[in-house]
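The values are calculated or read from the model by the stated rules, or taken from the named source; none is laboratory data. Fair warning: this is a prediction, and the values are worked out from it, not measured in the lab. All Cβ positions, even for glycine, are placed from backbone atoms using ideal geometry, and neighbour counts span all protein chains on display.
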Amino acid sequence: MSFELTVQKLVYGGEALGHHEGRAVLAPRVLPGERAEVEAVRTAKGVVHARPVRILETSPERVDPPCPYFGRCGGCQYQHLRPDLQPIVKGEILRETLRRIGKITWDSEIALHTASPWNYRNQAQLKVARQADGQIALGFFEAESHRLCPVDACLILSPRLNAILGELSRPAWTSRLGECREIELWADDRDERVMVSLGGGLGQGGAEATARDMLAQIPGVVSVAAESGGRLLVFGESGLEYAVGDFRYRVSPGSFFQASRYLLPDLLEAVTAGRSGRLALDLFAGVGLFTLPLARQFEKVVGVEAAETSAADLAANAKAHSLGNVRAVGETAFDFLRRFAQAEPDLVVLDPPRAGVETGALKFLTDCRPKQIHYLSCSPPTLARDLSFLLQCGYGIISIEMFDLFPQTYHIESLVRLTRSDLAGP
């Protein structure tokens with residue numbers, strides 16, 4: 001069933017919100033103020049999810065998407081919106097989400113950090129699938145599905161990663177990669193050296209032969225990791241080295257690192273700036289992106305990371321920079337805080353995954369009464385939930401910043417600085 005829809009606003013997740021016959025309707029690739037013919041696809045929790053059939057009245061903010069896969073590939077949601085307007089829209093979505101979910105009204109400025117909207121990704125997770133004609137193809141999943149959208153080039157990937165995508169898409173390689181389910185590519189800060197991870201399917205002999213041929217034949221590939229028989233085999237270099245500012249980070253296969261290359265120096269400076277003192281905690285520390293610079297500002301820094309590979313990289317990176325005041329802890333934030341006995345750390349940095357910080361960990365955190373908290377979030381809904389808890393526990397928001405790390409997509413990275421209310425100035 002198709003019907004006309006006039007859109008009021010964009011919402012988190014990349015869709016546009018309108019109403020029809022008293023019901024909320026969400027539709028992708030439509031802009032506020034536009035009138036569109038849409039077709040209902042499904043209804044969930046009283047909300048109609050629709051797909052656009054045609055735009056009847058066009059917004060002046062609309063542009064022609066430069067990517068031929070836009071609308072089918074699930075990677076981007078905003079290529080039809082002017083790039084200069086995307087961060088402004090995201091800032092308003094962040095503000096509205098804090099108000100709707102966290103009951104937090106933030107009327108002050110949200111500082112926006114932006115960079116080039118194209119070729120910014122230093123990481124790609126390519127899906128591998130056999131097509132109807134029997135040929136193996138590489139690409140990304142279609143939106144809300146596990147159907148493959150074959151892709152020859154991606155406008156948000158770095159030039160080096162696009163070159164490797166093009167190489168791996170040739171029949172000479174796809175014929176060898178058909179048993180993989182996923183191929184992950186990581187490029188370094190110069191976009192010169194690349195680490196490849198082959199996910200699943202290759203036997204040990206096939207994995208080694210494929211890895212060694214990639215190292216020898218594909219320009220830029222310096223490390224190849226392959227799953228085989230329940231083990232991770234690594235060929236070439238043991239990982240990748242990524243430089244941000246004065247620091248160089250070892251990133252091993254399976255470790256977490258930020259996937260957007262242009263704004264990393266700004267992000268690092270914003271998260272770590274403005275504080276010094278006796279003790280800082282970096283929870284969800286990854287390989288130590290923030291731990292290392294914090295160690296130059298505080299007498300002691302504890303970096304806490306649950307993922308074993310990332311925790312090992314964290315410890316190695318601290319050692320490589322001769323930072324003897326860093327303690328690397330390989331456990332969950334909950335388990336660490338449950339036993340943490342030191343009261344009133346000067347600063348706690350939180351950089352959790354999309355699920356946010358579990359309530360138990362937040363309770364233990366507020367019990368130790370940190371003087372200041374810097375919360376870096378990749379999910380406005382869970383950020384709103386967690387901030388609401390922190391505000392109820394005696395913290396106040398100092399500032400909010402948004403980093404548009406992933407232009408053309410709905411993803412929002414935000415930094416919220418909080419201080420204990422009894423320490424706040426007049």
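Brief remarks on what is shown
Results for (1) over 30 Å from P370 (Cβ atoms); (2) of a type outside the set (G, A, S); (3) assigned by TED's automatic domain parsing to the domain that holds T366, shown as yes or no for each residue.
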residue	(1), (2), (3)
E184	yes, yes, no
D191	yes, yes, no
A207	yes, no, no
V222	yes, yes, no
G245	no, no, no
G274	no, no, yes
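- Applying the condition of being of a type in the set (S, T, Y), more than 26 Å from L391 (Cβ to Cβ) and out of contact with any helix residue (DSSP H, G or I) (no Cβ under 6 Å at 6 or more places or on another chain) to segment 89-142 and asking which residue is surrounded by the most Cβ atoms within 10 Å (Cβ to Cβ) yields Y120.
- Annotation note: Cβ proximity below 6 Å between a residue of segment 214-229 that is at pLDDT 95 or above and a residue that is surrounded by 19 or more Cβ atoms within 10 Å (Cβ to Cβ) and of a type in the set (K, R) (sequence gap 6+ or interchain) occurs for G220/R160.
- Strands (runs of 3 or more DSSP E) (entirely within segment 1-104) containing at least 3 residues that are modelled with pLDDT of 95 or more, aliphatic (A, V, I, L, M) and under 22 Å from F406 (Cβ atoms): none
- Residue that is nearest to C76 (Cα to Cα) [pool: residues in segment 16-44 that are crowded, with 16+ Cβ neighbours inside 10 Å and free of Cβ contacts under 8 Å to residues at least 24 places away in the same chain]: A16
- Residues within segment 315-332 that are charged (D, E, K, R) and buried (at least 23 other Cβ atoms within 10 Å of the Cβ), tallied: 0
- The set of residues from segment 167-208 being surrounded by fewer than 19 Cβ atoms within 10 Å (Cβ to Cβ), closer than 30 Å to L263 by Cβ and touching a helix residue (DSSP H, G or I) at 6+ places or on another chain (Cβ under 7 Å) comprises E167, D191, E192.
- Set V7, V47: member being β-branched (V, I, T) and buried (at least 20 other Cβ atoms within 10 Å of the Cβ): V7
- Search result, residues across segment 258-286 that are of a type in the set (S, T, Y) and part of a loop (DSSP other than H, G, I, E, B): Y262, S276
- Within segment 120-148, tally of residues that are touching a Phe, Trp or Tyr at 6+ places or on another chain (Cβ under 9 Å) and under 18 Å from F406 (Cβ atoms): 8
- Residue count for segment 333-345 satisfying the condition of being outside any helix (DSSP H, G or I), at negative phi and surrounded by fewer than 18 Cβ atoms within 10 Å (Cβ to Cβ): 3.
- Scanning segment 119-131 for residues that are in a strand (DSSP E or B), without any contact (Cβ under 8 Å) to a residue 24 or more places away in the chain and not small (G, A, S) turns up nothing.
- Matching residues, segment 206-244, being assigned to a helix (DSSP H, G or I) and out of contact with any Gly (no Cβ under 7 Å at 6 or more places or on another chain): G206, A207, E208, A209, T210, A211, R212, D213, M214, A216, Q217
- Segment 267-286, residues that are crowded, with 16+ Cβ neighbours inside 10 Å and out of contact with any Gly (no Cβ under 9 Å at 6 or more places or on another chain): L267, A270, V271, T272, R275, L279, A280, F284
- Some residue of segment 57-75 being surrounded by 16 or more Cβ atoms within 10 Å (Cβ to Cβ) and under 20 Å from C378 (Cβ atoms): yes
- Residue in segment 143-166 that is at pLDDT below 95, surrounded by 15 or more Cβ atoms within 10 Å (Cβ to Cβ) and under 29 Å from P65 (Cβ atoms) present: yes
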